[in-house]
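The structure appears right after this line, and notes come after that.
The values are calculated or read from the model by the stated rules, or taken from the named source; none is laboratory data. Worth saying up front: this structure is predicted, and the values here are computed from it rather than measured. All Cβ positions, even for glycine, are placed from backbone atoms using ideal geometry, and neighbour counts span all protein chains on display. Surface areas here come from the heavy atoms of the whole protein model, side chains and all, with no ligands, DNA or RNA. Shrake-Rupley method; radii C 1.70, N 1.55, O 1.52, S 1.80 Å.
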Amino acid sequence: QVQLVESGGGLVQAGGSLRLSCAASGSIFSINAMGWYRQAPGAQRDLVAIIASGGTPTYADSVKGRFTISRDNAKNTVYLQMNSLKPEDTAVYYCNYNIFSRLRHIYVDYWGQGTQVTVSS
């Protein structure tokens, strides 16, 4: 069993900053990519940022230059530093891990429970 626990969401004014964290626990053999997605009310879940096992990040165009994703492999944790926040960043943010299943011999996606980020204007 693998569990992902997120923290760091909240309410912030436009222009402010928040740092999200997501820690994985349980039977973890190997983690491939780690990422953050977000879902606004009535919208689909979209990729925000993803970081490969080697540390290479990829960002959605809407957050480039404002958000930074990083990972601590020793702690099985991924972070999302969000600066210069805008009201349109308001959403539920979900972390996603791609983890190797020794039982199924494939990589499987796991999701966190989601954390609310609200940016007021």
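The convex hull around the C-alpha trace of the stretch 1-104, projected and averaged over every direction, spans 7.0 square nanometres. For the stretch 1-62, the gyration tensor built on C-alpha atoms gives a prolate shape. Its axis ratio a/c (a ≥ b ≥ c) is at least 1.5, and a/b is the larger of a/b and b/c.
In terms of accessible area, using a 1.4 Å probe and ignoring ligands and nucleic acids, LYS86, LYS75 rank largest first as LYS75, LYS86. Antiparallel beta bridges, as assigned by DSSP with both residues in the chain, represent about 90 percent of the total such bridges. For the pair the stretch 34-48 and the stretch 83-121, the centres of their Cα atoms are 7 angstrom apart.
Rounded to 0.05, the FRET efficiency of the ARG102 and ASP72 pair, given R0 = 25 Å and the Cβ-Cβ distance, is 0.65. Excluding ligands, DNA and RNA, the accessible surface per residue across the stretch 26-120 is 52 Å² with a 1.4 Å probe.
Just read off the accessible area of ASP46 with the full protein assembly in place, 1.4 Å probe, to the nearest 10 Å². Using a 1.4 Å probe on the heavy atoms, I get roughly 70 Å². Were the residues from SER27 through SER120 laid out at 0.36 nm apart, the gain over their Cα-Cα distance would be 29.6 nm.
Note: relative contact order over the chain, using C-alpha pairs below 8 Å and six or more positions apart, is 35 percent. Around the Cα centre of the stretch 2-90, unit charges on the Cβ atoms of Lys, Arg, Asp and Glu (plus for the first two, minus for the last two) sum to a dipole of about 100 debye.
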